[in-house]
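One structure below.
Nothing in this text is a laboratory measurement; each read-out follows from the coordinates by a stated rule. A quick note: this is a predicted structure, and the numbers were derived from the prediction, not measured. With ideal geometry, Cβ positions are generated from the backbone for all residues, glycine too; neighbour counts draw on all protein chains shown.
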Amino acid sequence: MAVPYVLLSCAMSVDGYIDDTSGERLLLSNAEDFDRVDAIRAASDAILIGASTIRRDNPRLVVNSEERRAARVAQGLPEFPLKVTVTGTGDLDPGLKSWHHGGEKAVYCPDGVAAKVRETLGDLATVVGTGHTLDLPYVLADLAGRGIGRLLVEGGSTIHAQFLTAGLADEIHLAIAPFFVGQLDAPRFVGPGTFTNDLHHRMTLAEVRAIGDVALLRYLPKAPV
Ligand SMILES: NC(=O)c1ccc[n+]([C@@H]2O[C@H](COP(=O)([O-])OP(=O)(O)OC[C@H]3O[C@@H](n4cnc5c(N)ncnc54)[C@H](OP(=O)(O)O)[C@@H]3O)[C@@H](O)[C@H]2O)c1
């Protein structure tokens, strides 16, 4: 069975940070770019994020546009994409917004914490045990089995780095916001790692687009150069 098409989406500052060190969520994009992301969510079968982002940012992760939701339903799709959270510890608060907005939710976690997550979340999400550890190819294969053809990955750093070091991303959307964060300890798009796209394996730059004061860069990591 084919694995889903994987699109990584991220907004960053000019100096490469995707958040700052304050407790507040840093909004990097502008309204027009948030609407672009909304359209991409609406065109996805599932949206995946890491547990750290769901805990820290507490996003709703929904398609905001009523028209886009209606168009999905008219096509015979669920109103909202499936929301997928990946966790190793299983520490997920049932009060987080994501569980209470949108449509179906799934949590992928190692078997060792699956019972704990089921107990914590009850019927808020389907819990999928991934064996002794959690490996992204396993998650992708399982999502394919659930009919997911297009997967949008919305971070954070750890998740993006795993997809990119494993060569599992088909497309990257980087929205560059026109300011600096300037904090050494703030999270970056990805940390250090051995990436499949290095000096000798350059990505294809598919598009550069101005969205108000944000620059969208669209890369195809797997395309031959
Ligand atoms: N600007 C943007 O576009 C954007 C978008 C999203 C996030 N962010 C920022 O990114 C930051 C969070 O990034 P992050 O790197 O700390 O966290 P993250 O990538 O969101 O989540 C990491 C967590 O996901 C789980 N996980 C990931 N891979 C796993 C694996 N292979 N096996 C088991 N569990 C796995 C673990 O959860 P457990 O800890 O539960 O084990 C891990 O701690 C936040 O500051 C957020 O604001 C920015």
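If you go through region 147-160 and keep only what is more than 10 Å from the ligand (Cβ to nearest atom) and within 25 Å of N58 (Cα to Cα), you end up with I148, R150, L151, L152.
In region 119-131, of all residues being away from the ligand (no atom under 15 Å from the Cβ) and assigned to a helix (DSSP H, G or I), the one that is surrounded by the most Cβ atoms within 10 Å (Cβ to Cβ) corresponds to L124. Tallying residues that are more than 10 Å from the ligand (Cβ to nearest atom) and either assigned to a helix (DSSP H, G or I) or out of contact with any Gly (no Cβ under 9 Å at 6 or more places or on another chain) (or both) within region 3-21 yields 5. When region 147-175 is limited to residues that are buried (at least 21 other Cβ atoms within 10 Å of the Cβ) and of a type in the set (V, I, T), the one that is farthest from S44 (Cα to Cα) turns out to be I159.
Within the span defined as region 132-146, every residue fails to be part of a loop (DSSP other than H, G, I, E, B), within 19 Å of R41 (Cβ to Cβ) and within 15 Å of the ligand (Cβ to nearest atom).
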